[in-house]
Amino acid sequence: MHGWVVRSTAAFLLLALSSSVATPQGAGPIRFRFAFGALTGSGQIQKLTRIDQDTELRTGDKIKLMVEMQQPGRVYVIYRGPEDEIELLFPADMKQDLQTARRYFIPDGTDWLEFDEQPGTETFYVLASVRRLTALESLIGRYTGAPAAGKTAIAAEIVAEIRRLRTQSRTAPPAERPVMIGGNVRSLDRTPGRGLPDVSSIAVEITANDFYARTFTIAHR
């Protein structure tokens, strides 16, 4: 992926996307916990910050994300790079149902995503719904299997489909409230002495009627 180096010793999670086909009123609500954090600084002087709006980060900064479904639903994480490349960050298997009350981290375990030396605009789409977004899944499948020459056009279709879903599903605004999950700091791999920040500690609980979508844009300097 453009702009990233995976660090297994100090890696952080990225974006998540909860998504499904738009559902009729009354089919919800959607309810899940979500954290998107950035680890900035170096050495012993590092700061964990919640990403809740468009922001600017620099080479060497790290990010990590957590999703925990409180009710049945589906989650997808879509990344769009500076050259309009698309990558599905989560789930690994779009057909797999997510378990409720289980924390999913991207990337898994102790890995974090670290900005490399290639600057640009990094975009993350987060979508949530109680059903699968089958049209979006189909486009992602086509993109994955397409030759390099055909990926740009399909990437544009994916972005257009995300915008279409957001437009057709405008209802009451979602509610977001901070929640505390399991303390402030712990080691992600539970190794004594590691003491890495836990992105779960900055989670928010999100509720929505039948569909949720959020876009995060990071200016990588």
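Cβ separations smaller than 9 Å between residues 6+ apart or across chains give the following pairs from region 46-57 residues that are closer than 16 Å to residue 176 by Cβ to residues that are of a type outside the set (Lys, Arg) and part of a loop (DSSP other than H, G, I, E, B): 50/203; 51/15. If you go through region 125-158 and keep only what is of a type outside the set (A, V, I, L, M, F, W, C), more than 19 Å from the chain's Cα centre (by Cα) and outside any helix (DSSP H, G or I), you end up with just 147.
Taking the options 167, 191, 144, 171, name whichever one is at pLDDT 90 or above and among the β-branched types (Val, Ile, Thr).
Result: 144 is the single residue among 167, 191, 144, 171 that is at pLDDT 90 or above and among the β-branched types (Val, Ile, Thr).
The sole residue among 208, 160 that is modelled with pLDDT of 90 or more and among the aliphatic types (A, V, I, L, M) is 160. Among the residues of region 120-131, those that are crowded, with 17+ Cβ neighbours inside 10 Å, of a type outside the set (Phe, Trp, Tyr) and modelled with pLDDT of 90 or more comprise 122, 123, 126, 127, 128.
Of all the numbered requirements in (1) exposed (fewer than 15 other Cβ atoms within 10 Å of the Cβ); (2) in contact with an Asp or Glu (Cβ under 7 Å, 6 or more places away or on another chain), residue 94 misses one, and that requirement is (1). If the condition is being modelled with pLDDT under 90 and in contact with a His (Cβ under 7 Å, 6 or more places away or on another chain), then region 84-119 contributes 115, 118, 119. None of 122, 161 is closer than 30 Å to residue 221 by Cα, of a type outside the set (Val, Ile, Thr), in contact with a Gly (Cβ under 9 Å, 6 or more places away or on another chain) and not in a loop (DSSP other than H, G, I, E, B) except 122.
The values are calculated or read from the model by the stated rules, or taken from the named source; none is laboratory data. The structure displayed is predicted, hence computed values, not measured ones. Reconstructed Cβ throughout: ideal geometry from the backbone, glycine too, with neighbour counts over all protein chains shown.
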